[in-house]
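Accompanying notes for the structure given below.
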Amino acid sequence: MHKLSDSILGNYQIEHFYRVNVYVTTFGKDEGKNEPYDYDEDFKDKDLFIAREKAIECYEKTLKGIDREGKYFLPFAPHKEYEEGKHAAMSILLLLISNDPMYGETEHFILGDFAEDLQEAGREYEKTLFPDLDLEY
């Protein structure tokens, strides 16, 4: 079993959990000048692997929903085709969070649209928590 609080340092524990972050915006360029939508959902469980599975399911379901809907006041477009005022922008991230009582939260990038080196570092960190598993992405 993979424990939620599995690193013990001194008198406190580092808590690990997963977070799905959804951010969509038109940068106020749509007709209604709508504000961005920013939402976080945290997935915590005594068994960190169960939290991981639930977070991946949420991430994938959210991606499919956005693909099906295809817009946020303006249509979405691939990054290379994006034009401000004609398209909405979106970001969906799956993060592994390390919450240290002394230093706060550290985000480890697992899935989403961000620099390759950050994603690689996040996945390497995640693998240290699950050394006996061959994680798939």
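Data overview
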quantity	calculated
Search result, residues across region 100-119 that are surrounded by 13 or more Cβ atoms within 10 Å (Cβ to Cβ) and either under 13 Å from Tyr137 (Cα atoms) or of a type in the set (Gly, Ala, Ser) (or both)	Phe109, Ile110, Leu111, Gly112, Gln119
Within region 21-56, tally of residues that are within 16 Å of the chain's Cα centre (by Cα) and part of a strand (DSSP E or B)	11
Test for Asp117: is it within 29 Å of Leu135 (Cβ to Cβ) and over 15 Å from the mean Cα position of the chain (by Cα)	yes
Residues of region 57-79 classified as at pLDDT 80 or above and exposed (fewer than 15 other Cβ atoms within 10 Å of the Cβ), total	6
Subset of region 85-132 (residues that are assigned to a strand (DSSP E or B), touching a residue at least 12 places away in the same chain (Cβ under 8 Å) and not hydrophobic (A, V, I, L, M, F, W, C))	His87, Ser91, Ser98, Asn99, Asp100, Glu107, His108
Every residue from region 79-137 that is touching a Lys or Arg at 6+ places or on another chain (Cβ under 7 Å) and farther than 23 Å from Glu53 by Cβ	Glu84, Gly85, Ala88
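The values are calculated or read from the model by the stated rules, or taken from the named source; none is laboratory data. In this text, all values refer to a predicted model and were calculated from it rather than measured experimentally. All Cβ positions, glycine included, derive from the backbone under ideal geometry; neighbour counts span all protein chains shown.
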